[in-house]
Structure formats: C-alpha cells, structure tokens
Amino acid sequence: MAIVNKLTVLMPAFGAPTEYVTSLAQNLPINVAAGTTYALTGFLNFVRTGRIRWKIVPPAGAAGQVSGVKITATDGTTTVTLYQDTTTRTAGENIDFMYSFISELNLTTINVIIATANVGAASTIDLEVTGNN
C-alpha cells in the first residue's frame with residue numbers, strides 16, 4: 001500500500017518543506033542482519049531539518065521480522081547517525097514509523113538501513129523524507 005497521508009500534508013508546522021523525496025514499493029528481504037540500505041537522495045537543495053517516514057506492508061501470511069533500524073545522512077563528505085536501534089519487532093507486523101531530524105550538515109543523502117531476521121517472507125517498504133535547508 002503506497003503512502004496516502006504524505007508528510008508534506010501532515011506536518012506543515014515543522015516549516016513548509018522545500019524538499020520531498022520518496023522511494024516506494026521497495027523489496028525488504030528477510031535474513032539480512034547487516035541491513036538493507038535505502039538511499040533517499042535527489043534533493044534540489046540540501047536539507048538540515050525534516051522528517052523521515054518508513055512504512056512496511058507485509059504480504060498475506062507470515063511476513064518478515066525487522067530486527068533493527070539505523071538512519072544516517074551525509075553531505076557527501078561527513079556522515080551523521082540520525083537514529084539507531086536494535087529492537088526486534090513482531091514478525092508480520094505492519095510498521096509505520098516517523099522520525100524528526102536536525103543537523104548542522106548540508107545533507108544531500110539520507111540512508112534508512114533496515115535489518116531483518118530469518119523469519120517469515122519478504123515485505124514491501126515505502127520511504128519518504130521532507131526537509132528544509
């Protein structure tokens with residue numbers, strides 16, 4: 001299921017976002033302990049503040065299990081970690097998370113890295129980011 005309630009509509013109070021990038025209907029395989037990386041890039045300008053959202057829609061039956069999340073961002077030279085956890089979620093769970101961020105760097109790429117356990121089947125992940133400079 002694609003993102004319907006976009007961050008650009010839901011969060012105008014964080015400043016009218018000047019940047020909006022999505023990566024929709026991406027495959028999220030199982031048993032990738034090191035994580036699968038999804039790069040959100042293609043901003044017209046750099047960003048320093050914003051929100052990141054990722055949403056998993058498992059297929060019918062026993063879908064995969066998220067075992068960790070790491071979100072990093074880079075200005076092309078320096079990388080900063082915006083969020084990280086090693087929390088194992090319930091297998092087959094519909095997940096919809098949103099994170100706010102602020103950075104001193106002129107960010108050009110945001111990476112969402114999702115680690116998965118060897119449980120269930122592959123899922124589909126949608127990602128989006130709004131930002132301001």
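The values are calculated or read from the model by the stated rules, or taken from the named source; none is laboratory data. If you're wondering where the values come from, they're calculated on a predicted model, not measured in any experiment. Note: accessible area is taken over every heavy atom of the protein model, side chains too, but ligands, DNA and RNA are not part of it. Shrake-Rupley method; radii C 1.70, N 1.55, O 1.52, S 1.80 Å.
May I ask you to give the average projected area over all directions of the convex hull of the Cα atoms of region 30-103, in nm² rounded to one decimal?
Numbers: hull surface 23.0 nm².
So the mean shadow area of the Cα hull is 5.7 nm².
Binning at 5 angstrom from zero up to the longest distance, how are the C-alpha pair distances of the chain distributed in percent?
In order of increasing distance, the bins hold 2, 11, 22, 22, 19, 13, 8, 3, 0 percent.
Pairs of Cα atoms under 8 Å, at least six residues apart: use those to get the relative contact order of the chain, whole percent.
Relative contact order of the chain: 43 percent.
Which value, in Å² rounded to 10, gives the accessible area of LEU40 with a 1.4 Å probe and all protein chains present?
0
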